[in-house]
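Encoded as structure tokens, the structure appears first; notes follow it.
The values are calculated or read from the model by the stated rules, or taken from the named source; none is laboratory data. Predicted, not measured: the structure shown is a model, and the values here were computed from it. Please note: Cβ atoms are built from the backbone with ideal geometry, for glycine as well, and neighbour counts cover all protein chains shown. These accessible areas exclude ligands, DNA and RNA; they are computed on the full protein's heavy atoms, side chains included. Shrake-Rupley method; radii C 1.70, N 1.55, O 1.52, S 1.80 Å.
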Amino acid sequence: MRRALAVLCFLLLSAPLVSAQERVTVPVVVTDGFSFAQNLTPDYFLVKEGKEMRRVLDVKFNAEAPVNVAILLEYTRKLPTSPVYIGYPYPWQDVVMEEAAVAYRLTMRLGDEDRVALATYDRQVRILADFTRNKGRIVDHLESLINNSGGPSDNEVSTADAVVDALAKLAPSTGKHKLALVIIGTGFDTFGQKGLEDALQAARSSGIQIFFLQVGWQAIQKIQEQYEYYRLQNGRNPDPWALVDPETEYSFAFQHYRGVARASAGFGQSVRFVGEAEGIAEGILLWVRNRHLVTYDAPPLKPDGKLKKLKIEIVKEVKSAEGTVLTLKAITVDGRRRPKEKKQ
Amino acid sequence: MRKLLACVLIYAMICPLNLAAIDAATSGERNWTELVARGYVELLGDAATLAVTEKEAKAAKKEFEAEREQEKKRLDNQADAVKAEAKRLRGELKKLNAGASTDTPEQSAERKRLHCLIVVAERDVALLKLKQRDADVLYDNRVAKLDLLVKWPADSKKIAALKESGQARKRQFGNVEDIGIRDGFKGQEKDIAWGKDIIAEMKRMGVIPPEVDVEAQKNYNLALARHGEAEKSGETERIQFAADELVKARRSLVLAEALTDYMHRVAGRIGRNSDLKIPLQLYLVWDDDPNAFALPGGFVFVNTGLLYSVNERLKEKTGETRVFGAKSESELAGVLAHEIAHVTKRHARRLAKHMSIMDMIYQGTILAIMIIFSGGIGIGLYYLIQYGLAGIGILMTLEVLGVSRICEREADVLGAQYAWKAGYDPLGFTRMFDRMASEFGYVSHTSWFRTHPAFYERIHDTFAENIYLPPKADLVVDTQEYQLAVEAVKELRTARMAKLNAEEKDAPRLGEPKPDCTPQGMNCPAHQTTGGQVY
């Protein structure tokens with residue numbers, strides 16, 4: 001008896017310790033670019049984090065659940081990169097009008113049960129209306145933005161700060177509601193506390209799908225013309241602090257925040273004409289309504305600052321209503337990352 | 001002598017004189033404030049006897065202008081005092097922050113009190129701005145009334161002369177006795193398909209608010225389903241709650257159906273007495289804007305705000321509750337008749353011809369027509385949509401706007417005729433304008449970017465048309481049924497707002513929930529100063 005007990009103790013003490021696993025839940029949109037797969041079960045998904053396969057614990061899907069969209073509008077007096085030396089009047093009003101028109105179309109696309117919140121940002125987020133089903137209230141606020149003769153109070157803008165701040169404000173509501181964050185602006189960062197990396201980190205870990213709609217194309221074209229004219233006349237860049245011309249900087253801004261959106265299982269789009277907004281709004285709502293929430297187990301991340309890439313594949317056949325096999329792609333967050341801990 | 005006395009007495013009985021008016025005219029002492037406080041319709045009726053001269057009107061206008069400036073200055077001073085108070089309170093808040101890194105319970109209470117007072121002060125500034133706007137609206141209305149008093153007697157003589165000479169029927173749409181079979185109203189059936197397409201597009205875009213009866217039915221079905229589920233669960237409390245909700249939903253459904261039925265009857269009565277040649281489809285929708293709009297093909301949308309509306313945004317900003325709505329069935333009938341006139345005269349088609357890119361940008365045209373034929377869409381929204389439309393190529397040219405104003409004037413005249421033919425007092429529509437002018441302003445100047453003529457012109461035109469119309473006995477001004485309909489809207493609206501607010505409590509949050517900063521909610525004084533009362 002004592003020997004049996006001793007052997008048992010030895011086995012227990014020498015047994016390898018099971019590493020603690022954590023449950024990770026990520027939004028996943030399964031689409032072929034035209035249609036969206038719905039109600040998929042865990043056996044459809046193959047999850048790979050880093051190069052390791054992960055076990056899918058649960059999949060939730062509810063297309064009927066109301067969507068809650070937080071709209072963030074850039075509201076700053078000075079279009080970044082509009083060089084001080086050219087003397088071209090800053091066309092912030094044109095950008096605000098465009099943003100309001102896009103936001104209006106998005107708001108009007110929402111169903112009766114869906115909610116919408118509206119905020120503006122320059123270097124910080126200012127809430128105009130918290131989540132409401134009353135779309136008229138949002139439209140009133142959009143009107144007042146246009147009619148506001150005083151205009152924005154700040155000359156700078158930080159999209160990164162806005163993203164991090166908005167996601168922090170939405171954090172308590174995540175998990176209970178189907179949330180989406182739509183950023184409508186130029187994507188510029190002129191002055192702020194947070195950088196692109198902070199925005200990326202916040203986006204991938206938030207559980208909220210982010211959509212970035214870049215506007216201001218026509219305003220940037222006008223500034224670019226002025227910029228090139230100045231260069232021709234004077235043989236130098238009008239703004240010694242700008243490394244690239246306005247169009248290039250605008251393009252970079254789009255790449256940055258499209259990347260942030262993609263990191264959260266969303267997408268980014270450049271809105272060249274306001275008429276495009278209808279189709280884009282429909283796309284956003286389809287992405288949010290048709291998202292699956294996939295939960296898998298994974299070991300806790302090491303605080304090494306390295307991104308553990310996440311890849312999800314659809315491993316079983318999905319057929320359309322007509323019976324054709326669909327080539328589906330699972331779009332999800334780009335991975336997980338735990339920032340490096342600073343040595344004390 | 002006796003004969004002379006008898007003639008004088010008979011003359012005095014036949015032609016009662018407004019002695020007070022004559023005295024005032026001759027003595028030059030009029031109480032202008034009291035005079036212009038009367039409604040437009042009443043003043044137009046008495047204009048001839050009041051005999052206001054241009055010189056008198058000019059002097060009175062000067063008086064009113066001085067009064068307006070004085071009032072605005074007084075309100076400015078009050079606003080400055082409130083702003084100074086708000087600044088002082090923010091200073092106190094700053095001191096509180098400088099005092100410590102975290103709050104003790106007393107400091108937390110003090111912070112809350114300061115927040116409340118600052119919010120109340122900001123709200124009071126918004127209220128004072130609103131009162132300044134009211135002062136402008138009041139002035140505009142007073143000036144418009146004086147202009148009417150000066151000009152109307154001459155106009156009314158012209159009308160009387162035209163009637164006397166037997167030429168009244170030669171005016172545009174003069175053959176009112178032939179309503180229903182007169183020329184100039186053909187082709188309405190060609191618009192039906194277009195109207196249906198527009199509605200489908202608007203529904204797709206989500207710009208049509210929910211219909212009163214449809215929403216009530218949906219809520220009732222939901223309550224019924226929930227009651228069924230509750231009964232299956234067997235939980236007493238849940239069953240009781242679901243039963244209570246079902247009773248409320250049933251009552252709302254009954255009220256909504258009765259209300260919609262009533263609106264259909266009123267609209268149907270007018271439709272049968274108009275130049276309409278196609279079926280009329282009326283939709284009563286939930287919208288607080290006191291408005292209605294017509295689409296080609298006989299589709300008329302009426303907002304519940306036309307019967308009863310509360311300006312919620314104003315209430316949120318200033319704490320003041322302003323209620324508006326048609327006061328009588330004849331006012332409602334006048335608005336419906338106006339919208340039906342847009343359909344009979346095919347104004348949408350006429351306007352569409354003037355839009356340069358209509359064939360290419362169908363969607364823009366729908367919205368543009370909706371804007372133009374609605375009563376008072378917010379100007380900001382107008383520019384918002386216009387900008388959106390301009391982004392895809394539609395331009396609201398001055399020509400289009402000019403045509404739109406012609407169409408509106410035609411609809412005013414025809415609307416008065418239809419209301420009259422249907423047995424309603426045609427002055428109901430004029431009274432509606434009167435109150436809209438007093439409440440919303442935009443009285444006398446038609447700016448180029450307005451799609452409707454100024455209220456002053458519309459009051460003038462509809463009153464003139466009323467004189468042309470043959471007299472009729474027993475014209476309906478108001479009915480008890482209408483007053484019950486208004487009560488129904490109030491009750492349904494209250495229930496609806498309560499439901500929406502309850503749902504908001506479960507909503508996600510972007511910011512911190514707003515503290516209850518009403519003086520009652522926080523038990524804080526409504527105003528506080530360093531010395532003396534602010535206002």
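For the reader, a short list of remarks on this structure follows.
- Test result for A:PHE273, within 30 Å of A:GLY216 (Cα to Cα) and more than 14 Å from every other protein chain (Cβ to nearest Cβ): no
- In the stretch B:281-293, residue surrounded by the fewest Cβ atoms within 10 Å (Cβ to Cβ) [restricted to those that are more than 13 Å from chain A (Cβ to nearest Cβ) and in contact with a Gly (Cβ under 9 Å, 6 or more places away or on another chain)]: B:GLN281
- One residue from A:GLU278, A:GLU247 being more than 14 Å from chain B (Cβ to nearest Cβ), part of a helix (DSSP H, G or I) and either within 12 Å of the chain's Cα centre (by Cα) or crowded, with 16+ Cβ neighbours inside 10 Å (or both): A:GLU247
- Number of residues in the stretch A:118-144 that are outside any strand (DSSP E or B) and at the interface with chain B (Cβ under 9 Å from one of its Cβ atoms): the value is 10.
- Applying the criterion of being part of a loop (DSSP other than H, G, I, E, B) and modelled with pLDDT of 85 or more to the residues of the stretch A:160-187, the residue that is surrounded by the most Cβ atoms within 10 Å (Cβ to Cβ) is A:GLY187.
- Residues in the stretch A:99-117 that are facing another protein chain (nearest Cβ under 8 Å) and open to solvent by 10 Å² or more (accessible area, probe 1.4 Å): A:TYR104, A:ARG105, A:MET108, A:ARG109, A:LEU110, A:GLY111, A:ASP112, A:ARG115.
- B:ALA216 being surrounded by 15 or more Cβ atoms within 10 Å (Cβ to Cβ) and at pLDDT 85 or above: yes
- Cβ pairs under 6 Å, 6+ apart, first in the stretch A:313-329 and without any contact (Cβ under 8 Å) to a residue 12 or more places away in the chain, second open to solvent by less than 90 Å² (accessible area, probe 1.4 Å) and not in a loop (DSSP other than H, G, I, E, B): A:GLU317/A:VAL325; A:LYS319/A:VAL325
- Screening A:VAL30, A:VAL69, A:VAL26 for residues that are at pLDDT 90 or above, within 14 Å of another protein chain (Cβ to nearest Cβ), open to solvent by less than 10 Å² (accessible area, probe 1.4 Å) and not in a loop (DSSP other than H, G, I, E, B) leaves exactly one candidate, A:VAL69.
- Unmet criterion (only one of (1) within 14 Å of chain B (Cβ to nearest Cβ); (2) within 15 Å of the chain's Cα centre (by Cα)) for A:GLY268: (1)
- Test: residue in the stretch B:396-415 that is assigned to a loop (DSSP other than H, G, I, E, B) and at pLDDT below 90: yes
- Residues that are open to solvent by 70 Å² or more (accessible area, probe 1.4 Å) and out of contact with any strand residue (DSSP E or B) (no Cβ under 6 Å at 6 or more places or on another chain) within the stretch A:291-324 comprise A:LYS302, A:LYS306, A:LYS316, A:ALA321, A:GLU322, A:THR324, listed in sequence order.
- Unique match (being more than 20 Å from A:LEU179 (Cα to Cα) and open to solvent by less than 70 Å² (accessible area, probe 1.4 Å)) among A:GLN221, A:GLN209, A:GLN233, A:GLN193: A:GLN221
- Test: residue in the stretch A:151-159 that is outside any helix (DSSP H, G or I), at positive phi, more than 7 Å from chain B (Cβ to nearest Cβ) and touching a helix residue (DSSP H, G or I) at 6+ places or on another chain (Cβ under 8 Å): yes
- Output for the stretch A:188-222, where each listed residue is closer than 29 Å to A:PHE273 by Cβ and not in a helix (DSSP H, G or I): A:PHE188, A:ASP189, A:THR190, A:ILE208, A:GLN209, A:ILE210, A:PHE211, A:PHE212, A:LEU213, A:GLN214, A:VAL215, A:GLY216
- Within the stretch B:110-134, residues that are open to solvent by less than 50 Å² (accessible area, probe 1.4 Å) have Cβ atoms under 7 Å from residues that are of a type in the set (S, T, N, Q) in these pairs: B:LEU117/B:GLN528; B:ALA126/B:THR318; B:LEU127/B:THR318; B:LEU128/B:GLN78; B:LEU130/B:THR318, counting only partners at least 6 apart in sequence or on another chain.
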